[in-house]
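Working notes, structure below.
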Amino acid sequence: MTAADARGAEADRAACVPAPDPHLGTLIRRRRRSARLSLRQLAERASVSNPYLSQVERGLHEPSLRVLRAIARGLDVAPEVLLAEAGLLARRWADGSEGTVAGVEAAIALDGDLDEGQKAALTGVYRCFVAARRRPDAVAG
């Protein structure tokens, strides 16, 4: 293999590796600040190093599922919520269609004035209303 071939193969491999999602890091930072946690406090709660957490927040590293779970636990939120807020987790709606969780559910999840129980209850009520409106037999109110 020539040097040019080796460079071409390396470029092909680099193109196949997905780039870290900076949006996920931005969401983690926003949630951390909303929870009034310092970078050091969240890193300690998640059992990761300060520099690594900083790199995740800046979009320089994509956390593994294990690390994402630890970060979510440190933020007192389900990992699925972080993934959904970043648009990385699709969900199946009551009508069978798929889409990402956004808008109202993301706003509820990001609200720092609500505890996790309140967020779950509010999200549940919202989903019930949405499911009722998506049913063809739903009664107009």
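Take segment 112-127 and flag every residue that is under 18 Å from Ala86 (Cα atoms) and either surrounded by 13 or more Cβ atoms within 10 Å (Cβ to Cβ) or without any contact (Cβ under 8 Å) to a residue 40 or more places away in the chain (or both).
Within segment 112-127, Lys119, Thr123 qualify.
Considering only residues of segment 23-46 that are part of a loop (DSSP other than H, G, I, E, B) and aliphatic (A, V, I, L, M), which is nearest to the chain's Cα centre (by Cα)?
This residue is Ala35.
Of (1) under 20 Å from Leu24 (Cα atoms); (2) of a type outside the set (A, V, I, L, M); (3) assigned to a helix (DSSP H, G or I); (4) modelled with pLDDT under 80, Arg133 satisfies all except one. Which?
Of everything listed in (1) under 20 Å from Leu24 (Cα atoms); (2) of a type outside the set (A, V, I, L, M); (3) assigned to a helix (DSSP H, G or I); (4) modelled with pLDDT under 80, Arg133 misses just condition (1).
The values are calculated or read from the model by the stated rules, or taken from the named source; none is laboratory data. From a predicted model like this one, the values you see are computed outputs, not experimental measurements. Glycine also receives a Cβ, built like all others from the backbone with ideal geometry; neighbour counts cover every protein chain displayed.
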